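Enquirer: Got a structure for you, questions after.
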Amino acid sequence: MSILAQVISDVKKRDPHEPEFHQAVEEVFESLEPVAKLHPEWVDAGIFNRIVEPERQIIFRVPWVDDKGKVQVNRGMRVQFNSAIGPYKGGLRFHPSVYPGIIKFLGFEQIFKNSLTGLPMGGGKGGSDFDPKGKSDGEVMRFCQSFMLELARHIGADTDVPAGDIGVGKREIGYLFGMYKKIKNEFTGVLTGKGLPYGGSLVRTQATGYGLCYFMEEAMNTLKNKSFKDSTVVVSGSGNVAIYAAEKASQLGGKVVAMSDSKGCIYDSEGIDLETIKIIKEVEKKRIQEYLKYRPKAVYTEGSSEIWNIKCDIALPCATQNELDENAAKTLVKNGCFAVGEGANMPCNPKAVHLFLKKGLVFAPGKASNAGGVATSGLEMSQNSMRYSWTFEEVDSKLKEIMKEIFRNTNETAKKYGFENNLVAGANIAGFVKVASAMYSQGL
Ligand code: GLU
């Protein structure tokens with residue numbers, strides 16, 4: 001058995017009930033065989049065995065009182081995965097599906113994603129099985145305060161810097177930051193994705209979606225001489241990533257015809273009206289089906305995965321993990337789709353990814369193409385440390401440069417290791433090599 005196969009088998013044996021984490025490890029390790037050959041010293045130093053084990057995992061009780069005065073208990077967690085190249089950095093996810101296997105997959109991905117940004121950030125992730133949907137502002141606040149009461153002792157601007165993810169946006173970050181500041185009596189950049197009046201960065205809200213489109217524009221141009229201009233685009237999801245991916249895709253000349261939520265999808269042949277989506281999702285916090293009230297000619301279909309049956313040139317999965325399977329991939333290919341860019345973390349399952357690569361589509365893995373969010377978090381940390389803030393144009397142009405550089409690095413690395421045009425291998429290897437070499441230099 002090769003060393004990499006041995007590590008994968010050990011991971012499965014050690015934590016058998018974490019399929020998402022196994023999937024994330026297998027997807028990365030699939031690309032690393034040539035790296036292990038080239039660096040026997042990394043094999044000897046146990047880098048491959050060490051990188052799959054988090055440096056630290058914290059699981060804690062989060063008690064809070066709901067609006068009826070009843071005590072509720074959720075589970076909170078933070079996985080501090082790797083600090084070889086900087087303080088742990090990564091979002092918090094509040095969703096009923098959260099358990100250690102999900103947080104470990106996200107934390108593992110985050111190590112390589114953060115490395116690819118070129119900024120000094122290690123990998124971490126956290127969250128809770130708390131569901132903010134249907135909760136009052138007061139309930140969300142009391143939950144966040146209780147969550148931070150424990151988390152505060154484990155994080156810090158130079159130790160671990162959480163941010164948002166699914167279910168954690170500006171409101172939650174505000175409550176979390178307020179509590180941290182009270183406990184520690186210090187105003188530091190301990191969280192990113194903060195509101196603009198208290199240390200947030202311009203462009204952070206738009207960053208993941210915008211960054212995805214900057215990456216895709218560069219990739220499509222270089223690899224296929226194509227672009228968003230005059231292309232039909234489908235964007236799954238309707239959260240923060242999806243909304244700003246759709247906005248930038250339109251600004252670059254694409255026509256976004258479909259979006260979705262966890263219940264179903266809408267198709268608007270005239271192009272999705274994003275202002276309407278923003279009202280439904282950001283203000284009213286309702287289901288995407290409401291879109292029909294504003295645009296009666298649009299079509300709503302029950303079932304979120306129905307979106308992949310809609311004919312498009314470019315598909316941007318921006319909802320959640322494993323939302324796009326092999327069947328969906330076959331349909332997209334059959335319908336003439338030439339590019340798929342992951343805005344969410346691991347939205348395409350392994351069989352879908354293999355099909356896209358086999359059929360020669362431009363396929364951008366999330367750890368490269370959605371890195372714009374955390375990259376802009378890195379820029380927020382820099383601004384906080386300087387006690388200064390850059391203009392929208394300054395941050396946006398830095399984000400664009402970072403995304404172009406991630407593409408260049410990913411594409412060049414793929415070529416160098418014999419995986420021409422395979423951005424999955426390129427991203428895995430480029431992200432890994434930097435972290436591995438830092439771990440090697442630092443000893444055990
Ligand atoms: N949750 C985002 C991600 O998956 C952003 C993390 C951050 O800004 O720290 O990359």
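The values are calculated or read from the model by the stated rules, or taken from the named source; none is laboratory data. Being a predicted model, the structure only gives us computed values, none of them experimental. Cβ placement follows ideal geometry from the backbone for every residue including glycine, while neighbour counts extend to all protein chains displayed.
Enquirer: Which residue pairs have Cβ atoms closer than 9 Å, lie 6 or more positions apart in sequence or on different chains, and pair a first residue in region 94-121 that is closer than 17 Å to MET77 by Cα with a second residue that is of a type in the set (Ser, Thr, Tyr) and away from the ligand (no atom under 12 Å from the Cβ)?
Expert: PHE94/SER128; HIS95/SER128; VAL98/SER128
Enquirer: Among the residues of region 177-200, what is the count of those that are crowded, with 20+ Cβ neighbours inside 10 Å, touching a residue at least 40 places away in the same chain (Cβ under 8 Å) and not small (Gly, Ala, Ser)?
Expert: Number of matching residues: 2.
Enquirer: Something else now. Show the residue pairs meeting these rules: Cβ distance below 8 Å; 6+ apart or different chains; first residue within region 24-48 and in a helix (DSSP H, G or I); second residue basic (Lys, Arg).
Expert: Here the result reads ALA24/LYS104, each pair linking region 24-48 to a residue that is basic (Lys, Arg).
Enquirer: Which condition from (1) over 23 Å from the mean Cα position of the chain (by Cα); (2) at pLDDT 95 or above is the one that GLU284 breaks?
Expert: (2)
Enquirer: Across region 370-411, which residue is nearest to PRO162 (Cα to Cα) among those that are surrounded by 22 or more Cβ atoms within 10 Å (Cβ to Cβ), more than 11 Å from the ligand (Cβ to nearest atom) and of a type in the set (S, T, N, Q)?
Expert: Result: ASN384.
Enquirer: Here is a further query. Looking only at residues in region 151-163 that are within 16 Å of GLU55 (Cβ to Cβ) and buried (at least 18 other Cβ atoms within 10 Å of the Cβ), which one is farthest from the ligand (Cβ to nearest atom)? Talk me through it step by step, then tell me what you get.
Expert: Taking region 151-163 and keeping what is within 16 Å of GLU55 (Cβ to Cβ), we get 154-156, 158-162.
This time we only want the ones that are buried (at least 18 other Cβ atoms within 10 Å of the Cβ), so: 155, 160-162.
Values: ILE155: 12, ASP160: 10, VAL161: 7, PRO162: 7 Å.
For region 151-163, the residue satisfying everything is ILE155.
Enquirer: Within region 128-150, can one find any residue that is among the charged types (D, E, K, R), in contact with a Gly (Cβ under 9 Å, 6 or more places away or on another chain) and within 14 Å of the ligand (Cβ to nearest atom)?
Expert: No, region 128-150 has no match at all.
Enquirer: Name the residue, out of ARG61, ARG78, ARG56, ARG50, that is under 23 Å from ASP165 (Cα atoms) and either surrounded by 15 or more Cβ atoms within 10 Å (Cβ to Cβ) or modelled with pLDDT under 95 (or both).
Expert: Numbers: ARG61 fails: either surrounded by 15 or more Cβ atoms within 10 Å (Cβ to Cβ) or modelled with pLDDT under 95 (or both); ARG56 fails: either surrounded by 15 or more Cβ atoms within 10 Å (Cβ to Cβ) or modelled with pLDDT under 95 (or both); ARG50 fails: under 23 Å from ASP165 (Cα atoms).
Step by step, each of ARG61, ARG78, ARG56, ARG50 is checked, and only ARG78 is under 23 Å from ASP165 (Cα atoms) and either surrounded by 15 or more Cβ atoms within 10 Å (Cβ to Cβ) or modelled with pLDDT under 95 (or both).
Enquirer: Please give the number of the condition ASN345 fails out of (1) under 24 Å from LYS224 (Cβ atoms); (2) buried (at least 24 other Cβ atoms within 10 Å of the Cβ).
Expert: Answer for ASN345: the failing condition is (1).
Enquirer: So in region 86-114, with the set limited to residues that are touching a Pro at 6+ places or on another chain (Cβ under 6 Å) and of a type in the set (A, V, I, L, M, F, W, C), which one is farthest from the ligand (Cβ to nearest atom)?
Expert: Residues of region 86-114 that are touching a Pro at 6+ places or on another chain (Cβ under 6 Å), as a first pass: 86, 92, 94.
From the residues that got through so far, the ones that are of a type in the set (A, V, I, L, M, F, W, C) too are 92, 94.
Working: LEU92: 8, PHE94: 12 Å.
Filtering first and then ranking leaves PHE94.
Enquirer: Which of (1) without any contact (Cβ under 8 Å) to a residue 60 or more places away in the chain; (2) surrounded by fewer than 20 Cβ atoms within 10 Å (Cβ to Cβ); (3) over 24 Å from LYS367 (Cβ atoms); (4) out of contact with any helix residue (DSSP H, G or I) (no Cβ under 8 Å at 6 or more places or on another chain) does ASN221 not meet, given it meets every other one?
Expert: Failed condition: (3).
Enquirer: Would it be correct to say that VAL340 is under 13 Å from SER236 (Cβ atoms) and modelled with pLDDT of 95 or more? Walk me through how you get there before you give the answer.
Expert: On the way: under 13 Å from SER236 (Cβ atoms): yes; modelled with pLDDT of 95 or more: yes.
When the stated conditions are applied, VAL340 passes them.
Enquirer: Quick one: LYS226 ticks every box in (1) of a type outside the set (A, V, I, L, M); (2) part of a helix (DSSP H, G or I); (3) modelled with pLDDT of 95 or more bar one, so which box is it?
Expert: (2)
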